[in-house]
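Each remark here refers to the structure printed beneath this line.
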Amino acid sequence: PPDKDQLGRATWTFLHTAAAYYPERPTPHQRANMLSLIRALPVLYPCAHCAEDFGERVAQNPPDVSGRAGLSRWLCERHNEVNEKLGKEPFDCAIGKTDERWRDGPAD
Ligand code: FAD
C-alpha cells in the first residue's frame, strides 16, 4: 500500500494549491468540476479508512465551491479535522494564512 503520510502531504499540497488558485468568481463549469474532484476522493483515495472518514466529513459539511476564499477555508477546516484526529496542531484558516502557505509564501 502507499505510504499514508507521503500520500497525505502530496494530496493536501495539490488540494490546498488548487483552492488557493481557484477563481474568485468561478464559472458554473469550474464549480461543477471542483465539486466532482472533492467528491471523487471518498471513492478513489488510496487509503481506505482515510477515504471513508473524509466521505463522512464531506457529507456533514458540503463543499463551498463559490470562490477561492470560501473553498480555501472549507478545505482548511476539513484538514484541521484530520489534524485533530491525528493529534496534530490546528492550522489558522484565515485567508491570509492559507494564502501565505499555499500561494504567496512568507512576506519578507
Ligand atoms: P500534513 O497534514 O500532510 O500537512 C501538510 C502541510 O499542510 C503542513 O506542513 C502545513 O504546512 C499545511 N497544513 C496543515 N494543516 C493545514 C490546514 N488545516 N489547512 C491548510 N494547510 C495546512 N492520515 C491518517 O493517518 N489517517 C487518516 O484518516 C487520514 N485521512 C486523510 C484524508 C485525506 C483526504 C488526506 C488528504 C490525508 C489524510 N491523512 C490521513 C494523511 C494526513 O492528513 C497527513 O497528510 C499525514 O499524517 C502527514 O502529515 P504531516 O504532518 O506531514 O502534514
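Against the conditions (1) outside any loop (DSSP other than H, G, I, E, B); (2) within 22 Å of residue 26 (Cα to Cα); (3) without any contact (Cβ under 8 Å) to a residue 12 or more places away in the chain; (4) not hydroxyl-bearing (Ser, Thr, Tyr), residue 64 satisfies every one except (1).
Being more than 13 Å from the chain's Cα centre (by Cα) and at negative phi is the requirement here; does residue 89 meet it? Spelling it out, residue 89 is indeed more than 13 Å from the chain's Cα centre (by Cα) and at negative phi. Pairing each residue of region 1-29 that is within 14 Å of the ligand (Cβ to nearest atom) and modelled with pLDDT of 95 or more with any residue that is among the polar types (S, T, N, Q) and part of a helix (DSSP H, G or I), provided the two are 6+ apart or on different chains, yields C-beta distances under 7 Å for 16/98; 19/72; 20/72; 20/98. Scanning region 67-80 for residues that are of a type outside the set (Phe, Trp, Tyr) and either in contact with a strand residue (DSSP E or B) (Cβ under 9 Å, 6 or more places away or on another chain) or assigned to a helix (DSSP H, G or I) (or both) returns 68, 69, 70, 71, 72, 73, 75, 76, 77, 78, 79, 80. When residues in region 81-98 are screened for being assigned to a helix (DSSP H, G or I), under 16 Å from residue 19 (Cα atoms) and touching a Lys or Arg at 6+ places or on another chain (Cβ under 9 Å), 2 of them pass.
Take the residues of region 41-56 that are farther than 13 Å from residue 78 by Cα and in contact (Cβ under 8 Å) with a residue 40 or more places away in the chain: which is farthest from the ligand (Cβ to nearest atom)? In this case the residue turns out to be 46.
The values are calculated or read from the model by the stated rules, or taken from the named source; none is laboratory data. For clarity, every value in this text was computed on a predicted model and none was experimentally measured. Virtual Cβ from ideal backbone geometry, glycine too; neighbours counted across all protein chains shown.
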